[in-house]
Amino acid sequence: MKKKINFGKIFVYAILVMLVIGFTIPSFLDDNSQPASQVKPCRSDADCYLMCDEVPLAVLCYQNLCQQSTCQEESLFPYQNTPFLAAQLEITFNQTPLNLQKHFEEASPNNFFVQFQEGSFTTFTPQLTLNHVLDKLKIKLNSQCLIINEQNYCQNSDHQLQVFINNEPVYNYFNHEITNNDQIKIIYSSNPPTSSNPPTSSNPPTSSNS
C-alpha cells in the first residue's frame, strides 16, 4: 500500500526553509561586505592617531578630515620618522614675504606630516601635493584666490596671483605632487598702474614679517 504524501507538511517545511534562507543570506552578505567607515573630523594630525595592535598609527589630517579611519584601510600617506623630501616655499604679498614658520606655529602646531622652516619645508610621507602642504598652514589656493585666515586675496583688475615651480609659471598647480628640492613661489602683487590712479594695495596677513 502506497504511503500517502502529506503535502501540508511539505508546504510548511518549504515555508520554514525559505524563511531561514531569507534571514541567513542578507546576514551573510552583511558580514562579508565592508561597510563605509565613518570619516573622523580633525583639526591637526594629532587628532587622527589610530591604535592598531596596541601600536599608534599616525594618520594625515587634510581639510579637517582624517585620511584613514580604520587599521584595515591601506594608507595613502604612510608616515615615516625621517624626512621624505625637502623643498622651498615662498609666499609673497606685494613684496612682503609670509613668515612660514611663525604662521605654521600659529595655525597648526600639532601637525607633523609637514614641518616648516623659514623659506622651506620637509615632508614625512610621499605623494603630498601643493594643496596638502598649504593645508598645514591653513591656506587654500585655487585658480583665482589665495585664502589665508579666512581672507581672500584674489586676482582682479588691480592684483595678480602667480605660481612658479622651479622658476616656471604653473597654472595647473592644485594637484602638483611635491618632489625633492622643488622651488615654489606664490606671489600676490599689484598690477602696474594703467592710469593716473594709484594701484589699490592689500595688507599682507598679520603673521608676515614686518
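Points worth noting:
- Compared with the alpha-carbon gap, the fully stretched path from residue 158 to residue 63 is longer by 31.2 nm at 0.36 nm per residue.
- Estimated FRET transfer efficiency (residue 147, residue 102; beta-carbon r; R0 22 Å; 0.05): 0.75
- Set of aspartates and glutamates near residue 40 by C-alpha distance (under 18 Å), chain-local residues within fewer than 8 positions excluded: 73, 74, 135
- 16 Å reach of a label modelled at residue 53, 7 Å along Cα-to-Cβ, counting backbone N of the stretch 65-92: 71-75
- R0 of 22 Å, Cβ-Cβ distance residue 179-residue 43: FRET efficiency to nearest 0.05: 0.20
- Computed extension gain for residue 166 through residue 73, at 0.36 nm per residue and net of the alpha carbon distance, reaches 30.0 nm.
Throughout, read-outs are computed from the coordinates displayed, never taken from laboratory work. Given the structure is predicted, the values throughout are model-derived calculations rather than measurements. With ideal geometry, Cβ positions are generated from the backbone for all residues, glycine too; neighbour counts draw on all protein chains shown.
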